[in-house]
Amino acid sequence: MAELESLETAAEHERILREIESTDTACIGPTLRSVYDGEEHGRFMEKLEARIRNHDREIEKMCNFHYQGFVDSITELLKVRGEAQKLKNQVTDTNRKLQNEGKELIVAMEELKQCRLQQRNISATVDKLTLCLPVLEMYSKLREQMKSKRHYPALKTLEHLEHTYLPQVSHYRFCKIMVDNIPKLREEIKEVSMSDLKDFLESIRKHSDKIGETAMKQAQQQRNLDNIVSQHPRISGGKKSKKEVCASSDLEVKNTSPMSEQDSGILDVEDEDEDEEVPGAQDLVDFSPVYRCLHIYSVLGARETFENYYRKQRRKQARLVLQPPSNMHETLDGYRKYFNQIVGFFVVEDHILHTTQGLVNRAYIDELWEMALSKTIAALRTHSSYCSDPSLVLDLKNLIVLFADTLQGYGFPVNQLFDMLLEIQDQYSETLLKKWSGVFRNILDSDNYSPIPVTNEEVYKKIVGQFPFQDAELEKQPFPKKFPFSEFVPKVYNQIKEFIYACLKFSEDLHLSSTEVDDMIRKSTNLLLTRTLSNCLQNVIKRKNIGLTELVQIIINTTHLEKSCKFLEEFITNITNVLPETVHTTKLYGTTTFKDARHAAEEEIYTNLNQKIDQFLQLADYDWMAMEPGSKASDYLVDLIGFLRSTFAVFTHLPGDVDVHSTMSGKVAQTACMSACKHLSTSLMQLLLEAEVRQLTLGALQQFNLDVEECER
């Protein structure tokens, strides 16, 4: 049993030794532990030492066997070491030289590395700048355009910048700044363009009178041309020609691009000579600020805002233009400037209407014109009522006609203006009547109321040329001779004709028919005759210091003027080409006027004679208690009869017109004589019947009878 265990232990130790020999040193621990765990580790140590001795003997044998080779190897190794040392020295030297030579290469390589890096950066930078430069150039262009006030191109540049260029470089910080500035730039463009528009509106307001003056000059030229054409076969209508005259200037302004860079306002135009062509009204105005601002606001989507602002401002300007100055009625220039401003305003609006799409429309223009028409007519009615000078009223009428024709040429209805001119015509007639009242007074006051003496044929023909007078007997008489009438007859006649001419001047260009002109002239002439001239004659006749000779001459003068009325009828017919037989033709009342004046003069003669008789009768000094009558008629009565005889001698020595002579002798003289006798007899009867005469003597009655008999003789 013991032997069996000994064998097993020995086998185990052998196994362990084999494991130690074959196992890696790192894994020997578990094997050794199994040795120490057992109880036979002493025996194991013995076996281990025995195994070591065996290996030592084998090593020794092997060394002995290979010793000569080992020595040879050592010898060779020593030789190799020397060679290796030489090689080491050579390698070290070569390395040193290589290091020395490589330093420059390293420096060059480092520089090349930096160059390649810079080249890469530059290439990347160029690529980025290629994208950024157009953006910066467009932005610079935008700033330059805004600086030079090229707002519409600036807006287009801004659109390209925002939608084309900036999206390509949107990740850069400066682009984000630009993007943030775009709304501000748009607002700045809006504000600057609106500022230009305000400057334009202010300039237009200040220069409306210049624009209107030019338009009215153009209308005057066209009217003169129409008058020339009307004398020849008509080629075209006047209003059409007016539009054609404006056509060229309209086209020029229509071609004005909204991108035009000219300043807003009125272009400088020197005064044109009358014989040179007047430039078109639109040629004076640069409308580009309006077009630019309209396009800018349209692009920005604010067109409606712009339209409302423009119309609101122009309405305000219209109200200012239509407000007449307080002293407008004092001079024609006041009216002219007022009309020029109105015309200038509507010329601009008419051009805006035809050169823009929807900025203003026809309804807006018509509304403004209706307001302007009502205010203008009201202002003219008020201020024209202050005019007392017919020349100023006539000039005003011509100015109103030119004003109406100018605006009618631009398509504005002006019928109300011509209706108002008919109202002014009544006022013009009144001013004429006042003026001619003074003319007639001067003529009548300066007249000598004596027949006009003529000493030669030349003077005779001159007077006959001034007044339609024919008398065969007077023509046969030798020089010197006298016309039956005094100087106021041809003067009054010529002034009546001048009055008719003045009335005719007002009717020109009023688009009235010949019948209407004729009726207007006749009515005004009737007022002149029946009111103005009649009052002047009546005032002369009623003067306190008027003499009987003057009254007789007035009767003769009015008789001749009465006869001249038919010539005035013919004169009016010749200038109006309306025959007197035409229906509704007004007749002249001159015959009645002169008849009334003659009757008033006759009555004045009778009254003056009676007054003279009364003055003589006041000298009567009868002694009603006289016992004996005197031997002759009373002195006062003798003087009275002498006065009457000399007075009637004036009647019987009237100059040669037979009709006048017979009228005066047969009617005025007889009536005056009868009136004087009747008044004298009545006055003498009153002397007898006075309350103071209480008793009479026969001598006093005989003296009174003697006076009555003297009167009968």
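The values are calculated or read from the model by the stated rules, or taken from the named source; none is laboratory data. Because the structure is predicted, anything quoted here is derived from the model rather than measured. Cβ coordinates were reconstructed from backbone atoms using ideal geometry, including for glycine residues, and neighbour counts include every protein chain displayed. For accessibility, only protein heavy atoms count, side chains too; no ligands or nucleic acids. Shrake-Rupley method; radii C 1.70, N 1.55, O 1.52, S 1.80 Å.
Checking VAL401, VAL393, VAL439 one by one, the residue that is closer than 30 Å to ILE496 by Cβ, of a type in the set (Val, Ile, Thr) and outside the structural domain of ARG315 (by the TED database) is VAL439 and no other. The set of residues in segment 321-345 being without any contact (Cβ under 8 Å) to a residue 60 or more places away in the chain, within 26 Å of ARG311 (Cα to Cα) and of a type in the set (Gly, Ala, Ser) is empty. Whenever a residue of segment 178-192 is over 16 Å from PRO167 (Cβ atoms), its partners that are of a type in the set (D, E, K, R), lying with C-beta atoms within less than 8 angstrom and at least six residues away or across chains, give the pairs VAL192/LYS149.
Comparison of SER513, SER524 shows that the only residue that is in the same structural domain as LEU432 (by the TED database) and in contact with a Ser or Thr (Cβ under 7 Å, 6 or more places away or on another chain) is SER524. Restricting the search to segment 673-713, which residues are within 13 Å of ILE641 (Cα to Cα) and either at pLDDT below 70 or acidic (Asp, Glu) (or both)? Once the filter is applied, which keeps residues that are within 13 Å of ILE641 (Cα to Cα) and either at pLDDT below 70 or acidic (Asp, Glu) (or both), segment 673-713 yields ASP707, GLU709, GLU710, GLU712. Among the residues in segment 130-137, are any assigned to a helix (DSSP H, G or I), touching a residue at least 40 places away in the same chain (Cβ under 8 Å), under 33 Å from the mean Cα position of the chain (by Cα) and farther than 30 Å from ALA404 by Cβ? No, every residue in segment 130-137 fails to be assigned to a helix (DSSP H, G or I), touching a residue at least 40 places away in the same chain (Cβ under 8 Å), under 33 Å from the mean Cα position of the chain (by Cα) and farther than 30 Å from ALA404 by Cβ. The residues of segment 304-313 that are of a type outside the set (Asp, Glu) and surrounded by fewer than 22 Cβ atoms within 10 Å (Cβ to Cβ), listed by number, are THR305, ASN308, TYR309, TYR310, ARG311, LYS312, GLN313.
Filtered by the rule that a residue be part of a helix (DSSP H, G or I) and farther than 14 Å from ILE572 by Cβ, segment 506-520 gives a lone residue, PHE506.
Of the candidates LYS497, LYS587, LYS544, LYS523, the single residue that is open to solvent by 80 Å² or more (accessible area, probe 1.4 Å), assigned to a helix (DSSP H, G or I), out of contact with any strand residue (DSSP E or B) (no Cβ under 9 Å at 6 or more places or on another chain) and of a type outside the set (Ser, Thr, Tyr) is LYS523. Out of ASP389, ASP350, ASP395, one residue alone is touching a Leu at 6+ places or on another chain (Cβ under 6 Å) and among the charged types (D, E, K, R). It is ASP395.
The rows are residues; the columns are (1) among the aromatic types (Phe, Trp, Tyr); (2) surrounded by fewer than 10 Cβ atoms within 10 Å (Cβ to Cβ).
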residue: HIS13; (1), (2): no, no
residue: TYR36; (1), (2): yes, yes
residue: GLU40; (1), (2): no, no
residue: MET45; (1), (2): no, no
residue: GLY69; (1), (2): no, yes
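Pull up segment 467-482, narrow it to residues that are over 16 Å from LYS566 (Cβ atoms) and without any contact (Cβ under 8 Å) to a residue 60 or more places away in the chain, then point me to the one that is most open to solvent (accessible area, probe 1.4 Å). Filtering segment 467-482 for residues that are over 16 Å from LYS566 (Cβ atoms) and without any contact (Cβ under 8 Å) to a residue 60 or more places away in the chain, the one most open to solvent (accessible area, probe 1.4 Å) comes out as LYS476.
In segment 158-165 there is at least one residue matching the filter, namely being modelled with pLDDT under 75, of a type in the set (Phe, Trp, Tyr) and assigned to a helix (DSSP H, G or I). When LEU533, LEU504 are screened for being aliphatic (A, V, I, L, M), open to solvent by 30 Å² or more (accessible area, probe 1.4 Å) and touching a residue at least 12 places away in the same chain (Cβ under 8 Å), only LEU504 passes.
Within segment 417-466, the residues that satisfy the criterion of being of a type in the set (A, V, I, L, M), out of contact with any Ser or Thr (no Cβ under 6 Å at 6 or more places or on another chain) and touching a residue at least 12 places away in the same chain (Cβ under 8 Å) are LEU417, MET420, LEU421, LEU422, LEU432, VAL439, ILE443, LEU444, ILE452, VAL454, ILE463.
So for segment 445-463 (the condition being part of a helix (DSSP H, G or I), of a type in the set (Phe, Trp, Tyr) and under 30 Å from GLY344 (Cβ atoms)), does at least one residue qualify? No - not one qualifying residue is present in segment 445-463.
Inspect all residues belonging to segment 175-187 and state whether any of them is closer than 22 Å to ASN308 by Cβ, touching a helix residue (DSSP H, G or I) at 6+ places or on another chain (Cβ under 9 Å) and surrounded by fewer than 20 Cβ atoms within 10 Å (Cβ to Cβ). So far as segment 175-187 goes, yes, one or more of its residues are closer than 22 Å to ASN308 by Cβ, touching a helix residue (DSSP H, G or I) at 6+ places or on another chain (Cβ under 9 Å) and surrounded by fewer than 20 Cβ atoms within 10 Å (Cβ to Cβ). Filtering segment 590-614 to residues that are surrounded by fewer than 17 Cβ atoms within 10 Å (Cβ to Cβ) and either at pLDDT below 75 or among the aliphatic types (A, V, I, L, M) (or both) leaves only THR591.
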